[in-house]
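These notes concern the structure reproduced below.
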Amino acid sequence: MNCYVLLQFLLGLAQLCSCHTVMTNSKRHEMNQPLPSNLRTKRSWVWSHFHVEEEVTKAEQHVGRLRSNLDEGDASLVYLLSGDGAGSIFTINNRTGDIFAIKKLDREEKAYYKLRAQVINVYTGKPVEPESEFVIKVLDINDNKPQFLDGPYETSIPEMSPEGTSVIQVTATDNDDPSQGNNARLIYTVLQGQPYFSVEPTTGILRISSQMDREAKDQYLVVVQATDMLGYTQGLSGTTTVTINLSDVNDNRPIFQLGLYHMNVSESAPIGTSIGIIMAEDSDIGENAKMNYSIEDGSDVFDIITNNETQEGIVILKKKLDYELQRQYSVRAKVTNSFIDKYFPKDENSGQTTVIKIRVEDADEPPVFSHMEYSMEIAEETPTGSYVGTVFAKDPDVTNSPVRYSIDDCTLFSIDDSGAITVIEPLDREIAEWHNITITATEKDNSQQVSEARVYVQVLNVNDHAPEFFQYYETYVCEKANAGEVRD
Ligand SMILES: *[C@@H]1O[C@H](CO)[C@@H](O)[C@H](O)[C@H]1NC(C)=O
């Protein structure tokens, strides 16, 4: 009983031992070197380290041999096999203990088989050794190619990133045994994408090897290959693609489409009139293409506002123009990026300029009175045709059209082409002290061009109860009266 337990313990030890130790024991046995006497009786199972190659298509592959050193070769012992694949994958020659693999094995499917061995005395039917477990290891061959399980990749980096910038790490896996030679030792290379990209051979980190400009090309397709056997030609390989989109940085300034713009504006244009549009172009996109327009050194007559939707600059009138005073203006417009980037030297951030020449167009303007209001006086009862006062209006245009005048109250007052106002009949202060009249000036060449002035006529008291000497019975035709209309 004690002896049995000890045996089991020793067997366990043997299994824990490294291959080397077992091999040594086995060799020692083969060379017929006597084992130390204390071991000889207790250690009776003898076998070498078992392994079997995968992917072998032979009908039978010899795996190894189970042996008990109690076997005298007299055919009294029978070897039995049980456990993983016993009978179906592995068979044993009962007499010799030779184990064979009878199926093609795939290490990547199953790398170890745990089996148990028994040796039985055919005469007694009893085990001569305690049942023992052993392992058959499937040896790897390089039958798996590297695979990029996470590919294809897509990523984005800013354009103009410096050389050496890390872009992405790609990883391939190889199902072969990493401990078996170089079967699973991968080397990464760039198949397509040079000279802009390179890959670190062992880590798969993709880096920039040459600066790229988004405005020249905004997308790159890089093909990375992983090869096992440390990249040697007999190695197996797999590839993946990395799509790299360049994101924009502000590396372009806005530039005016034209170096000189011509615009026209009527002198009659009201303040706020948009006179014209200027536009610059920026090769960048998004925020980086945003720009601001302004008038360099400012101007009290013109302004430029930026239309953020269209990125246009709108030239606006800030002050009334007068063709007769100034017929042409020249302003310098400036455009700058709204968001300045480190990619420009400071002096380049000042922006680009263009010249706008603005021609003022003469407008047909209405006559202009010398005053908006006139005050006049006349003594009451002055005779018909007496002079009251003079108004004056002039066409401000270069054409200087002659002006004629008219009066709204044509029963009491009359006005001639010189603007002189006279009374049609003597005025009676007792009837009205004030005659507030409106004079209209009309251009003779264009009756659309009219303007008005107010005239306040005060009748002065001279002699309250002067006798009436005579009365006029004359007929006047008001200027504004319709043809055929008669007044008295
Ligand atoms: C005419 O104008 C004068 C001076 O502005 C004013 O005192 C007077 O009341 C006005 N009369 C009428 C009838 O509008």
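The values are calculated or read from the model by the stated rules, or taken from the named source; none is laboratory data. On a predicted model such as this, the values are computed, not experimentally measured, just so you know. Cβ sites come from the backbone with ideal geometry, for glycine too, and all protein chains shown count toward neighbours.
Descriptive notes on the structure:
- Residue within the stretch 93-105 that is on the phi > 0 side of the Ramachandran plot and crowded, with 18+ Cβ neighbours inside 10 Å present: yes
- Filter result for Thr239 (free of Cβ contacts under 8 Å to residues at least 24 places away in the same chain and either assigned to a loop (DSSP other than H, G, I, E, B) or assigned by TED's automatic domain parsing to the domain that holds Thr171 (or both)): no
- One residue from Ile314, Ile277 being at pLDDT 90 or above, surrounded by fewer than 16 Cβ atoms within 10 Å (Cβ to Cβ), over 26 Å from the mean Cα position of the chain (by Cα) and hydrophobic (A, V, I, L, M, F, W, C): Ile277
- Options Gly419, Gly351: the member that is within 21 Å of Thr440 (Cβ to Cβ), surrounded by 16 or more Cβ atoms within 10 Å (Cβ to Cβ) and either more than 16 Å from the ligand (Cβ to nearest atom) or touching a residue at least 24 places away in the same chain (Cβ under 8 Å) (or both): Gly419
- Conditions (1) part of a strand (DSSP E or B); (2) modelled with pLDDT under 90: number failed by Ile244: (2)
- Test for Leu80: is it in a loop (DSSP other than H, G, I, E, B), among the aliphatic types (A, V, I, L, M) and either modelled with pLDDT of 85 or more or not assigned by TED's automatic domain parsing to the domain that holds Ala184 (or both): no
- Matching residues in the stretch 216-236 - criterion: being surrounded by 14 or more Cβ atoms within 10 Å (Cβ to Cβ) and assigned to a loop (DSSP other than H, G, I, E, B): Asp218, Asp228, Gly235, Leu236
- Residue in the stretch 425-434 that is part of a loop (DSSP other than H, G, I, E, B), surrounded by 14 or more Cβ atoms within 10 Å (Cβ to Cβ) and more than 16 Å from the ligand (Cβ to nearest atom) present: yes
- Scanning the stretch 364-401 for residues that are among the charged types (D, E, K, R), outside any loop (DSSP other than H, G, I, E, B) and more than 16 Å from the ligand (Cβ to nearest atom) returns a single hit, Lys394.
- Scanning the stretch 87-130 for residues that are of a type in the set (Gly, Ala, Ser), closer than 17 Å to Val52 by Cα and assigned to a loop (DSSP other than H, G, I, E, B) yields Gly87, Ser88, Gly97, Ala111.
- Matching entry among Ser132, Ser82 (being farther than 30 Å from Thr241 by Cβ and in contact (Cβ under 8 Å) with a residue 60 or more places away in the chain): Ser132
- The residues of the stretch 435-447 that are more than 10 Å from the ligand (Cβ to nearest atom) and without any contact (Cβ under 8 Å) to a residue 40 or more places away in the chain, listed by number, are Thr438, Thr440, Ser447.
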